[in-house]
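Enquirer: My questions will all concern the structure given below.
The values are calculated or read from the model by the stated rules, or taken from the named source; none is laboratory data. Predicted model, so just to flag it, every value in this text is computed and none were measured. Here the Cβ positions follow ideal geometry from the backbone for every residue, glycine too, while neighbour counts run over all protein chains shown. Note: accessible area is taken over every heavy atom of the protein model, side chains too, but ligands, DNA and RNA are not part of it. Shrake-Rupley method; radii C 1.70, N 1.55, O 1.52, S 1.80 Å.
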Amino acid sequence: MNRQITNFRDLGGIKNKEGKTVKPKKLLRSGHLVNLDKETQSVLVETFNLTRIIDFRRGFEISESPDTPIEEVEYINLDLLGKMNAKNSSLADFAKLKSVEAVDKHMLGVYEDLILNPGAQEGFTEFMDYILGNKDGATIFHCFAGKDRTGYASALLLSLLDVDKEAIYKDFLITNTERKSANDSLVQQFREQGFNEEQLESLATALYVKEDYLDHALNLIEKNFGTTEKYAAQCLNFDEQKLAELRSIYLAN
């Protein structure tokens, strides 16, 4: 994909435990879709059959960097952090945490809330219904960097498609290589604004994902619900019938 979209990938091609494959050009993930040229828009629509965008960002994030409208593609804003009543956190706020440990503690709390917060559960209920409802086209789901809200959403989908943990973690951690250039630029911008090296280290930590973050989320699911399927049934109104339909739409033999 054109460099205009950071952290873009198609979940198609990933194999599940039964040897079935996630269908290509159906489930796409990325960072924000800002200032896309016509060529990139055309590739998304004509090559990837994009018909729906799900934007997990907050209102202030969208105001600062709105997605490029794409003709005949449905745009949905599903503000997960807003539903969680989370406070607005800018990149500067992460820099001000002043230690890697403080950033890690904050991020573990975010991942915990993505699982257990009733507002997050409401948001992911809507997300799964949108995914289930797009039977013919492709959906791209994203946040700002495509790493935490998007990363957990991808892990949830892959888990419900019966993909093993190794492949789920591989997809999750690809973010760290895909985002490196953009992250280096952001850190340099803050350096030029006068932030010190300790603050920049905290910021850099917040710009990447860690295996520990996804570990925490998946361990919470196992501890509280047993399996992702049971969590989806209890918290996301995603019963066995919906699960079977999801696998029918998105898996190929």
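Enquirer: Pop out the ³J(HN,Hα) list for the stretch 92-101 in order, Karplus 6.51 cos²θ - 1.76 cosθ + 1.60 with θ = phi - 60°, rounded to Hz; leave Gly and Pro as x.
Expert: 4, 4, 5, 4, 6, 5, 6, 8, 4, 4
Enquirer: Can you give the calculated 222 nm mean residue ellipticity of the chain, where each DSSP H run of n ≥ 4 adds -39,500 (n - 2.57) and the sum is split over every residue, rounded to the nearest 500 deg cm²/dmol?
Expert: -16000 deg cm²/dmol
Enquirer: Compare the peptides 13-23, 173-183 by average per-residue count of other Cβ atoms within 10 angstrom and give them in order, highest first.
Expert: On the way: 13-23: 14.6, 173-183: 16.5.
Output ranking for 13-23, 173-183: 173-183, 13-23.
Enquirer: Taking the stretch 85-182, how many lysine pairs are there with alpha carbons less than 23 Å apart, if each pair must be eight or more places apart or span two chains?
Expert: 16
Enquirer: Something else about it: How much length is gained if the chain between residue 170 and residue 34 is pulled fully straight, taking 0.36 nm per residue apart and subtracting their Cα-Cα distance, in nm to one decimal?
Expert: 46.4 nm is the gain from fully extending residue 170 to residue 34.
Enquirer: How charged is the neighbourhood of residue 236? Take every other residue with its Cβ under 11 Å from the Cβ of residue 236, and add Lys/Arg as +1 and Asp/Glu as -1.
Expert: -3
Enquirer: Residues of the stretch 1-104: accessible area per residue at 1.4 Å, in Å²? Walk me through the numbers on the way to the answer.
Expert: Numbers: 5320 Å² over 104 residues.
Normalised by residue count, the accessible surface of the stretch 1-104 is 51 Å².
Enquirer: With the dipole of the chain worked out from charges on the C-beta (+1 for Lys and Arg, -1 for Asp and Glu) around the Cα centre, which of 53, 94, 163 lies farthest toward the positive end?
Expert: Ranked along the dipole, the leading option is 163.
Enquirer: A further question on this structure: Please sort 161-168, 28-35, 47-54 by packing, taking for each peptide the average over its residues of neighbouring beta carbons within 10 angstrom, highest first.
Expert: Details: 161-168: 16.9, 28-35: 21.2, 47-54: 18.5.
Highest to lowest by the protection proxy: 28-35, 47-54, 161-168.
Enquirer: Also, I was wondering about something else. Among 69, 174, 205, whose Cα projects farthest towards the positive end of the dipole of the chain, with charges put on the beta-carbon of Lys, Arg (+1) and Asp, Glu (-1)?
Expert: 174
Enquirer: Compute and list, largest first, the equivalent-ellipsoid semi-axes of the stretch 79-223 from the alpha carbon gyration tensor, each √(5λ) rounded to a whole angstrom. Kindly include the intermediate steps, with their values, before the conclusion.
Expert: Numbers: eigenvalues 153, 54, 47 Å².
In descending order the semi-axes read 28, 16, 15 Å.
Enquirer: What residues qualify as long-range amide H neighbours of residue 75, i.e. H under 5 Å apart, gap of 5 or more or another chain, H built at 1.01 Å from N?
Expert: Answer set, sorted by chain and number: 53.
Enquirer: Treating the beta-carbon of each Lys and Arg as +1 and of each Asp and Glu as -1, no other charges, what is the dipole magnitude of the chain about its Cα centre, to the nearest 20 debye? Present the calculation step by step, with values, prior to reporting the outcome.
Expert: Working: 31 positive and 41 negative charges, 66 e Å.
With Lys and Arg at +1 and Asp and Glu at -1, about 320 debye.
Enquirer: A further question on this structure: Towards the positive end of the charge dipole of the stretch 98-253, with charges on Cβ (+1 Lys, Arg; -1 Asp, Glu), say which of 219, 152, 133 has the farthest Cα.
Expert: Of the candidates, 133 comes out farthest on the positive side.
Enquirer: Rounded to whole Hz and in sequence order, give me ³J(HN,Hα) for the stretch 216-229 from the Karplus expression 6.51 cos²θ - 1.76 cosθ + 1.60, θ = phi - 60°, writing x for Gly and Pro.
Expert: 4, 5, 5, 5, 5, 4, 5, 5, 8, 10, x, 9, 5, 4
Enquirer: Can you give me the long-range amide H partners of residue 251? Hydrogens built in the peptide plane at 1.01 Å from N, cutoff under 5 Å, separation of 5 or more residues or another chain.
Expert: Here the answer is 23, since their amide H atoms fall under 5 Å of that of residue 251.
Enquirer: Find the relative contact order for the stretch 78-135 and round it to a whole percent, using C-alpha pairs within less than 8 Å whose residues are 6+ positions apart. Can you show the working numbers first?
Expert: Numbers: 25 pairs, mean separation 29.7, N = 58.
So the answer I get is 51 percent.
Enquirer: How big is the stretch 1-116 along each principal axis, measuring the range of its Cα positions in Å and listing the largest first?
Expert: Here the Cα extents, ordered largest to smallest, are 44, 40, 26 Å.
Enquirer: Okay, next question. Determine the relative contact order of the chain: mean sequence separation of Cα pairs under 8 Å and six or more apart, normalised by residue count, in whole percent.
Expert: Values: 376 pairs, mean separation 68.3, N = 253.
Answer for the chain is 27 percent.
Enquirer: Can you work out ³J(HN,Hα) from phi for every residue in the stretch 139-154, in order, using Karplus 6.51 cos²θ - 1.76 cosθ + 1.60 and θ = phi - 60°, giving whole Hz and x for Gly and Pro?
Expert: Residue by residue, the stretch 139-154 yields 10, 10, 10, 7, 10, 7, 9, x, 10, 9, 4, 5, x, 5, 4, 5 Hz.
Enquirer: With a 10 Å radius around each residue's Cβ, average the other Cβ atoms per peptide and rank 186-193, 126-133, highest first.
Expert: Details: 186-193: 13.5, 126-133: 17.1.
Those peptides, ordered most packed to least, come out 126-133, 186-193.
Enquirer: Taking springs between alpha-carbon atoms closer than 10 angstrom, which of 223, 147, 135 fluctuates most in the Gaussian network model of the chain?
Expert: Looking only at 223, 147, 135, the largest GNM fluctuation is found for 223.
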